[in-house]
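**Student:** Let me give you the structure first, and then I'll get to my questions.
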Amino acid sequence: MKTIGVFDSGFGGLTVLRELLPLIPDARYVYLGDTARLPYGSKSRETIARYAVSSARFLAEQGAELLVIACNTATALALDDIREALPNIPVVGVVRPGAESALAAVQSKGNTSASRVLVLATAATTQSGAYTRTLQSLGLRATEKACPLLVPLVEEGWIDPSPHASVTLDVLRIYLLEALEQAPDANVLLLGCTHYPLLKPLIETTLGTLHHPMKVIDSAEATARAVAALLPAQEGAAINAAPECIFYATDSIEKFQRLGSAFLRQPLPAVHLVDLGG
Ligand code: DGL
């Protein structure tokens, strides 16, 4: 049974883990949320790479034989650094699977050349241009919009349902209005941050009020499929109803357990605190 390491700066990567569990049940999962150093998305490339490499090394020390970088920011800015630091471990990021999901969504509408993908992501991810490059390599046009307030809102649990979700709706309305001014022809919305799928119902509501309904997609399912493709077929197909999951966070372990259970839609076992330094 393989040990799969899954890493994000916080809860966001649980959206990827949620897709991995049913698809690859015959595995042991070690998840790390680097909550002490979150958000990554407002930091420099050098800092993001340092944090991401130390987090990946920690998962390798816990026995991870395959790493899933369930964080767009770390994927966009530090995938090569992680691969260089851990040359013997296959590393799967989320940007390419996300872009391929956008392509599949566009193709299902039958019009690739006229399509523009609007990518919502952190400031660091948008500045890296990783999504624009990857989408263009697939023949798609792209506009990226930085939404720096969304990760803190998700980490606070101000998603639907929450009495505070109206604040998040206001923030989303401003971001989406600005984004649609830049890209009025956008017809697919790609969630380029693994925290954002937790806002999907609120994003769809906001697009409705702005009279710009779009297909909203994320990288979670495609990333899980990319991981499954690296494993021998019998492992992906094995039957094991309850894969073993071990959770680590670098801060706020009680909050991680409480909100993480809601996000993963199943109770989380005790979350272990780990100190990865500054
Ligand atoms: N979930 C991370 C991502 O996909 C959020 C990054 C952050 O910590 O700002 O980009």
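Where a number appears in this text, it was derived from the coordinates with a stated rule and is not lab data. From a predicted model like this one, the values you see are computed outputs, not experimental measurements. Please note: Cβ atoms are built from the backbone with ideal geometry, for glycine as well, and neighbour counts cover all protein chains shown.
**Student:** Give the Rg (one decimal place) followed by the Dmax (whole number) of the chain, computed from C-alpha coordinates and expressed in Å.
**Tutor:** Every Cα atom of the chain included, Rg and Dmax give 17.7, 49 Å.
**Student:** Could you calculate the contour length gain from GLU65 to GLN266, that is, 0.36 nm times the residue separation minus the distance between their Cα atoms, to one decimal place in nm?
**Tutor:** Extra length available between GLU65 and GLN266 comes to 69.9 nm.
**Student:** A further question on this structure: Using the beta-carbon distance between LEU276 and GLN127 and R0 = 22 Å, what value does 1/(1 + (r/R0)^6) give for FRET efficiency, to the nearest 0.05?
**Tutor:** 0.35
**Student:** For the range 144-191 and the range 70-111, what is the separation of their Cα centres, given in Å?
**Tutor:** Taking the Cα centre of the range 70-111 as reference, the centre of the range 144-191 is 22 Å away.
**Student:** By a straight-distance test (C-alpha under 28 Å), which lysines pair with LYS145 as possible cross-link partners, with residues fewer than eight away in the same chain excluded?
**Tutor:** Filter leaves LYS43, LYS109, LYS200, LYS215.
**Student:** How big is D, in µm² s⁻¹, for the range 98-193 by Stokes-Einstein at 20 °C and 1.002 mPa s if Rh is the Kirkwood radius over C-alpha pairs?
**Tutor:** 153
**Student:** Tell me what the chain gives for mean residue ellipticity at 222 nm when only DSSP H runs of n ≥ 4 count, each as -39,500 (n - 2.57), the sum divided by the residue total, rounded to 500 deg cm²/dmol.
**Tutor:** Helix contribution divided over all residues of the chain: -14500 deg cm²/dmol.
**Student:** What ranking of MET1, MET214 emerges when the number of other C-beta atoms within 10 Å of each C-beta is taken as an exposure proxy, fewest first?
**Tutor:** Lowest count first: MET1, MET214.
**Student:** Still on this structure, I have one more. 5 Å is the cut-off here: which amide hydrogens, built 1.01 Å from N in the peptide plane, fall below it relative to VAL92, excluding neighbours closer than 5 in sequence?
**Tutor:** The answer is LEU67, VAL68, ILE69.
**Student:** Going Cα to Cα from LYS2, which aspartates and glutamates come in below 19 Å? Please leave out same-chain ones fewer than 8 positions away.
**Tutor:** Hits, sequence-local ones excluded: GLU19, ASP26, GLU61, GLU65, GLU235, GLU244.
**Student:** So, in nm, how far is label GLU181 from label HIS211 when the simple model puts each one 7 Å beyond its Cα toward the Cβ?
**Tutor:** Result: 1.8 nm between the two label points.
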